[in-house]
Amino acid sequence: MSNITRQTSDSALTLVGGEGNQGSQQQNIKPIQVKLVLLGEAAVGKSSLVLRFVNNDFQENKEPTIGAAFLTQKCRMEDKVLKFEIWDTAGQERFHSLAPMYYRNAQAAVVVYDVTKAASLDKAKSWVKELQRQASPNIVIALAGNKIDLVQPVDEGEEESANSGRQVPTEEAKAYANEFGLLFFETSAKKGVGVREVFTEIAKKIPLELMMSPRPPRQVPYGGQNQLPGLPTGSEQIAGGTNGGCNC
Amino acid sequence: MKEFLNGKLQLSEGYLTFVADDAKSCSFILPLYTVRRVERINSRTHNFALSILNWHQMKLTLQINGHKTVCEKFCNTIRDNLKNQVRHMKNLRSFLSTCFSEALLVDPKKDISIGGLGLIFGFPGDIKKLRDRYKTKLWIEYLQTNGRNLTLIKFPYFSKLVRVGLPNKLRGEIWEICSGAIFLRFVNDGMYEKLQKDNAGKISLSTEEIEKDLNRSLPEYAAYQTKEGINTLRRVLTAYSWKDPELGYCQAMNIVASAILIYMSEEQAFWTLSVLCDRLIPGYYSTSMYGAILDQIIFEHYVQNKMPILYEHFQNVDVQLSVACLPWFLSLYINSMPLIFAFRVLDCFFMEGPRVLFQIGLAILKINGDELLTITDDGQFIHVLKRYFSTLDQPAHPNNKNQKIREITKFNELMVVAFKEFSNITTESVIELRKTHQLKVVHNIESFTKRGQIRNLKDTSKFSKNEISIIYDKFYNAQFYGKQKSIRNDSRMDLNTFYRFLGSITSWAKLDDENLTKENGSPRDNQGRRLVGYELIHKLFIHFDRSQSGGLTLQDVVFGLGNIIFGDLMSRIELFFNLHDSDKDGYLFKEEILQMSESFLFIFRNRQDDGHLGSVSNFIKNAFEYTDSVGEINENDEHKMRMSLPSFRMVILADGYLEEFFDSGFAVTFQFIEPTEERSKGLGREIFNALMSDGMRLAEKFGKKINNAKSKSHTDQNNSLNSKRHSTTSSVQSASSMSSNNKTEINNSNNSSLIPRNNSQDSFISVESQKSLLKIQRNDSPISFGSDEEDDGLMQEVDRLLNEFSIDENGKKKKKYFLHNLCCIVVL
Ligand SMILES: Nc1nc2c(ncn2[C@@H]2O[C@H](COP(=O)(O)OP(=O)(O)O)[C@@H](O)[C@H]2O)c(=O)[nH]1
Ligand SMILES: [Mg+2]
């Protein structure tokens, strides 16, 4: 399975430090913004993956998230500078109806499941379906099976409990990903395996050239389908709105 | 010196409430169990007056303006109600020992350990900077003269003291008083402990979700880095999830609970959560979160109206306000601002209700308007706001020459903009907008959920989109009427619901149709036939339940129906065979064959032709003819006659009528048409009603204000004591229609503005006087400020803020009321 994650090592993504300390030569390159959303069942490791990517760190998530947490990460790939704007959504089921707010206009999505929990792949599949119906038509979706450290013995000693924990065979998930045109990875946020690759492959697959313009071309809103349910769409005026203000 | 206050008096079974006509100059809620003595004052005139002495030795004089008989009635009612409240009086003393204000007034210098985690782990902010001591002193004066905890009387000065920020140790109690949670805590004495005890050790989805969030609820506050603090938070959240299992636990409740627990005891926080979820922000934390979405729409509406240019800009760059604003509302700003400021916002929120959330939100956008006009995406939007929140303590006008102005912080500015420029965001307008939009919101959430669920069907059989949609609606309609509570996404349909469901798509399955209830045949026959129906549908239910979980998912139903409808002659014959082969041994025995024939008769019962009777008797005859011989088994035992599937097939195919039934007749009985009238009372309608009653409850809380506003113009023509029946579902109507109701009546009713909904023993008898007069006897020497060692900077801050907030009173700065005696006189 490691060939899945290794194929990317040639054109790697290098992280650019925090907002403040960007080198002068990067400043004149306008970063290309990539809006990315993480979806998946609670506790599969979405926040951990982001944290690993952004801070190269693994820790218990202490950030109280309501709806979704917002993080950014600048990266360099070849001659381009990318800025990932990441929405890390909260897992509670009742927040589901708020999710469209975060994936609307997203250029990329990472749908995460836990390789030790079969049900989490079902949930991931349902997210994929929803994205393919309701998100931007060109959204790049990556499927990430997380927590492989739990099923891959790192050193020989850990072998006993190793593969018994796996509930989602790599081949099964990979076949599914192929069928639906998704990027596929197995990752460990804990050990830092495969995480960078997820973002690199996404960056490669996104049609960056199209987005070199100051702002990415905006998809026509879907008549409210990809909005917070109940929120008015751009064109729809709320009844009772006054026309008194400036409408320039 | 005496001052008269006109206003409306309401008497309920448990409370006496008063709101001045201007809704500002005075209001109180007096629980009758705090009343020590009521005296009728016999005046020479025809005026009717009562003098009430309460627990805290305050004397209120009520002069009621009304016809004599009405006054008599009022008198009798209050006497009866007082009697009924005696049972509560004995709890008063012990309850008051849990109120910080009591101990504070006894000895302000003493260390009192009544309150929240802050007492142990410290309160956020610098006590000196917050002027905590000085504020406490002002509060001591206020509480000494104007009542406290259960008996507090609110004068305009009260809200000013709240707006400049509550002192740490009193904060929890004032929140509790403002929100009304204190009354819930009083009447539900012991319930919190009981919930803990009854549910000790139990786990649920909610408790698991709570567990995940405990370590990320205000982790920066010291208490939540300790076991003690975490345990406190866990107890409150889990107790609440047991109190309202349908709501359970929603992320963001952990933030709110962890914040208020700094200032409140567990029990106080528990009841405050309860008021939040039920009344102040209904539906925010429910399983569909409709309330939160609804308020986002209302907020957008306000932004559009008040800041059209900004609104337009957001539209142009396609940034949705909610990405930043939803967490503000869900966590009452606690998660957004530095804690000390968030608590100032909370102070106002508990005092004035949800309008404050909108006012603050609008002010934030307004103050940052210029910068927000330059943003082009979510990231920048969030960044601007984040930076703003992190600089709230800094001067708003750092370069101003005037030092006083330089001292104004961004937070001061925020408060002023919020309450001055957006003072016309009223509770009434929030309620009105909630009413306007809720149906749409519910509908959209519903159709969003529906789309998702339909999409997630693994197998839609050969049904068209429209048919699936109808099956979905019928599936959830049946469930809704079955359980009478909100649906969860994972709900499975039980057998009873399945009867109803199947009856809604195929006529033979209607178990209450005419042929079963009407005269044809004896009642016993009908009963028997209906039992056959139950039996048959039960068999189908078991057949549909592929996972044998005892409940059907939408997928099960779609799959099962699809097999019937899109199957063929042979598959349907097999289905019937299997349905009736109860022991699954591959044979139908005599009993089962007879059941089969009864099933046929049941399904055919509404057919007008007589052909089916002949066919069914043919069936029985042939069936017994074709039964396979069971050689080995006792031959003369006719119970061992059995029929295999191939024989069954032959029997069916031998009869044209039955063949037709299996070939097409059975399938076409399933109709996926949606009767319009059924749709209208569909799911959305029900949730809508639930929403309405939420709205009502909220409206009730503020109902007095509405009453006042509406009734004012009518007071001349309507001098009599006007009373109005309140009931849970009609309070808004009653509020708006009351001016047309000139009749005097005193009615029992089930609910009231201040009575918790789960507190039915305290149902209201509501007597409202349209033109009551509250007379206030003012203390001759108003207590002066700043008589002490406190620095004059404080004086200035308080004075400045007080001035800023006096705008509510039409620019006229009101005097502070400090009363030893409160005298409400209601004149005819
Ligand atoms: N062993 C292991 N644990 C992980 C990994 N990623 C996350 N976790 C753990 O899984 C739990 C949930 O992680 P979190 O990132 O909060 O999940 P989220 O709800 O999807 O954001 C935490 O206890 C993490 O420590 C991983 O790659 N390996
Ligand atoms: Mg997370």
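The values are calculated or read from the model by the stated rules, or taken from the named source; none is laboratory data. Keep in mind that this is a model prediction, so the values were computed, not measured. Virtual Cβ from ideal backbone geometry, glycine too; neighbours counted across all protein chains shown. Each accessible area value is taken on the protein alone, full model and side chains, heavy atoms only, with ligands, DNA and RNA left out. Shrake-Rupley method; radii C 1.70, N 1.55, O 1.52, S 1.80 Å.
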Worksheet item: Which members of the range A:55-77 meet the condition of being facing chain B (nearest Cβ under 10 Å), open to solvent by 30 Å² or more (accessible area, probe 1.4 Å) and not in a strand (DSSP E or B)?
Response: A:E60, A:N61, A:K62, A:E63
Worksheet item: With respect to B:V317, is the statement that it is in the same structural domain as B:T426 (by TED's automatic domain parsing), at pLDDT below 95 and over 22 Å from B:L247 (Cβ atoms) true?
Response: yes
Discussion item. Can you pull out every residue in the range A:127-155 that is within 12 Å of chain B (Cβ to nearest Cβ) and either open to solvent by 10 Å² or more (accessible area, probe 1.4 Å) or outside any loop (DSSP other than H, G, I, E, B) (or both)?
Written reply: A:W127, A:V128, A:K129, A:E130, A:L131, A:Q132, A:R133, A:Q134
Discussion item. Could you go through the range B:342-357 and let me know if any residue there is in contact with a Gly (Cβ under 7 Å, 6 or more places away or on another chain), in a helix (DSSP H, G or I), touching a residue at least 12 places away in the same chain (Cβ under 8 Å) and outside the structural domain of B:I174 (by TED's automatic domain parsing).
Written reply: yes
Worksheet item: If you go through the range B:173-189 one residue at a time, how many are open to solvent by 30 Å² or more (accessible area, probe 1.4 Å) and touching a Cys at 6+ places or on another chain (Cβ under 9 Å)?
Response: 0
Discussion item. I need the full set of residues from the range A:25-54 which are of a type in the set (D, E, K, R), more than 16 Å from ligand 2 (Cβ to nearest atom) and either modelled with pLDDT under 90 or assigned to a loop (DSSP other than H, G, I, E, B) (or both), in order please.
Written reply: A:K30
Response to the item:
Across the range A:80-106, the tally of residues that are closer than 22 Å to A:R52 by Cβ and within 16 Å of ligand 2 (Cβ to nearest atom) stands at 8
Practice prompt. Specify which of the listed residues (B:R235, B:R279) is more than 14 Å from chain A (Cβ to nearest Cβ), out of contact with any Leu (no Cβ under 9 Å at 6 or more places or on another chain) and not acidic (D, E).
Written response: B:R235
Discussion item. Just to check your reading of the model, which residue among B:Y311, B:Y284 is closer than 26 Å to B:A181 by Cα and either open to solvent by 10 Å² or more (accessible area, probe 1.4 Å) or assigned to a loop (DSSP other than H, G, I, E, B) (or both)?
Written reply: B:Y284
Item to complete: Name every residue in the range A:78-95 that is within 14 Å of ligand 1 (Cβ to nearest atom), in a strand (DSSP E or B) and of a type in the set (F, W, Y), in order of residue number.
Response: A:W87
Discussion item. Looking at the range B:365-388, can you tell me whether even one residue there is hydrophobic (A, V, I, L, M, F, W, C) and without any contact (Cβ under 8 Å) to a residue 24 or more places away in the chain?
Written reply: yes
Item to complete: Name the residue, out of B:G533, B:G562, that is at pLDDT 90 or above, open to solvent by less than 30 Å² (accessible area, probe 1.4 Å) and of a type in the set (G, A, S).
Response: B:G562
Discussion item. Tell me the residue from B:S336, B:S322 that is at the interface with chain A (Cβ under 7 Å from one of its Cβ atoms) and modelled with pLDDT under 95, please.
Written reply: B:S322
Worksheet item: Are any residues in the range B:430-450 open to solvent by 20 Å² or more (accessible area, probe 1.4 Å), more than 8 Å from chain A (Cβ to nearest Cβ) and either under 16 Å from the mean Cα position of the chain (by Cα) or without any contact (Cβ under 8 Å) to a residue 60 or more places away in the chain (or both), and if so, which ones?
Response: B:E432, B:R434, B:K435, B:L439, B:K450
Item to complete: Among the residues of the range B:294-308, write down those that are open to solvent by less than 10 Å² (accessible area, probe 1.4 Å) and farther than 21 Å from B:D377 by Cα.
Response: B:L294, B:D295, B:I298
Worksheet item: Out of (1) under 21 Å from the mean Cα position of the chain (by Cα); (2) surrounded by fewer than 21 Cβ atoms within 10 Å (Cβ to Cβ), what's the single condition that is false for B:Y192?
Response: (2)
Item to complete: Might you let me know whether the range B:344-353 holds any residue that is over 23 Å from the mean Cα position of the chain (by Cα) and crowded, with 22+ Cβ neighbours inside 10 Å?
Response: yes
Discussion item. Out of the helices (runs of 4 or more DSSP H) lying entirely within the range B:150-265, which hold 1 or more residues that are free of Cβ contacts under 8 Å to residues at least 24 places away in the same chain and either among the charged types (D, E, K, R) or touching a Gly at 6+ places or on another chain (Cβ under 6 Å) (or both)?
Written reply: B:191-198, B:205-213, B:227-243
Worksheet item: On the given criteria, is B:D278 open to solvent by 10 Å² or more (accessible area, probe 1.4 Å) and either part of a loop (DSSP other than H, G, I, E, B) or free of Cβ contacts under 8 Å to residues at least 24 places away in the same chain (or both)?
Response: no
Practice prompt. Would you check which residues across the range A:96-126 are surrounded by 23 or more Cβ atoms within 10 Å (Cβ to Cβ) and within 12 Å of ligand 1 (Cβ to nearest atom) and list them?
Written response: A:V110, A:V111, A:V112, A:Y113, A:D114, A:V115, A:S120, A:A124
Worksheet entry | Filter result for B:L96 (buried (at least 22 other Cβ atoms within 10 Å of the Cβ), touching a helix residue (DSSP H, G or I) at 6+ places or on another chain (Cβ under 8 Å) and not hydroxyl-bearing (S, T, Y)) | no
Discussion item. Just to check your reading of the model, which residue among A:V44, A:V34, A:V50 is open to solvent by less than 30 Å² (accessible area, probe 1.4 Å), near ligand 1 (Cβ under 9 Å from one of its atoms) and closer than 21 Å to B:D377 by Cβ?
Written reply: A:V50
